[in-house]
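Undergrad: This is the structure I want to talk about, given as structure tokens.
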Amino acid sequence: MKTKIALFIGLLLAANVSFADLKIGVVNIPAVLEKAPQAEKAKKRLEQEFKPRDNQLVSQQKEIQTMQEKFKKDASTMSESQRNRMETDIQNKMRDAKRSQQEFSEDFNARRNDELGKLQKRIVESIRAIAKDQEFDLILTDGVIYSSPQMDITSQLQQKLSTLPE
């Protein structure tokens, strides 16, 4: 990390740029993601899209639980073939439910990553627009330990995102 900073400073000095002339901004990306209206819309789209499948998974789990309770209650009065058949049915349903849960998780994660990618692209575009409009030389995001409030342009970015169409 120190070598990167030294290299950066060395490049600035080699380019005859003085620190007094630099305009640097800092963006807190997690804060932007938390408050961006696009993030909330994406979350609602995902919930709406995956709610039916989630309800189906919950229903499957309840059905399995009901079957297990019935098996425990009635096992002593069942014939061996009935017990074996019911145990097999329960195991098959559990296997199907596990497979459905894995597919759901994979599909949900893929869609969430897609939505996040779109949002990140809009954030980067907005940061670049702010940088050009306000003539910033450098805008930093992750890895900043401290910045003065004057350098923080997070609120400006949030305002810009709130004016963009969903």
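Undergrad: Please give every one of the lysines within straight-line cross-link reach of Lys73, meaning a C-alpha to C-alpha distance under 30 Å, and leave out same-chain neighbours fewer than 8 residues apart.
TA: Lys62, Lys93, Lys98
Undergrad: While we're looking at this one, here's another question. Setting aside same-chain residues fewer than 8 positions from Lys118, which lysines have a Cα under 19 Å from its Cα?
TA: Cross-link targets: Lys35, Lys41, Lys43, Lys44, Lys160.
Undergrad: At 7 Å along the Cα-to-beta-carbon direction for both Leu116 and Lys70, put a label point, then send me their distance in nm to one decimal.
TA: Between Leu116 and Lys70, the label points sit 4.1 nm apart.
Undergrad: What's the extension gain from Asp137 to Met78 if we count 0.36 nm per residue and subtract their Cα-Cα distance?
TA: 13.4 nm
Undergrad: Moving to a separate point now. Viscosity 1.306 mPa s, temperature 10 °C: what is the translational diffusion coefficient of region 22-163 from Stokes-Einstein with a Kirkwood Rh over Cα pairs, rounded to a whole number of µm²/s? Let's see the in-between values first.
TA: On the way: Rh = 19.3 Å.
Here the translational diffusion coefficient equals 82 µm²/s.
Undergrad: Per residue of region 61-69, in order, report the coupling 6.51 cos²θ - 1.76 cosθ + 1.60 (Karplus, θ = phi - 60°) as ³J(HN,Hα) in whole Hz, putting x for Gly and Pro.
TA: 5, 5, 4, 5, 4, 4, 5, 5, 5
Undergrad: Give a residue-ordered list of calculated ³J(HN,Hα) values for region 126-135 (Karplus: 6.51 cos²θ - 1.76 cosθ + 1.60, θ = phi - 60°; whole Hz; x for Gly, Pro).
TA: Computed from phi, the couplings for region 126-135 are 5, 4, 4, 5, 4, 4, 5, 4, 9, 6 Hz.
Rule-based calculations on the coordinates, nothing more; no lab input. Because the structure is predicted, anything quoted here is derived from the model rather than measured. So basically every Cβ, Gly included, is an ideal-geometry build from the backbone, and we count neighbours across all protein chains shown.
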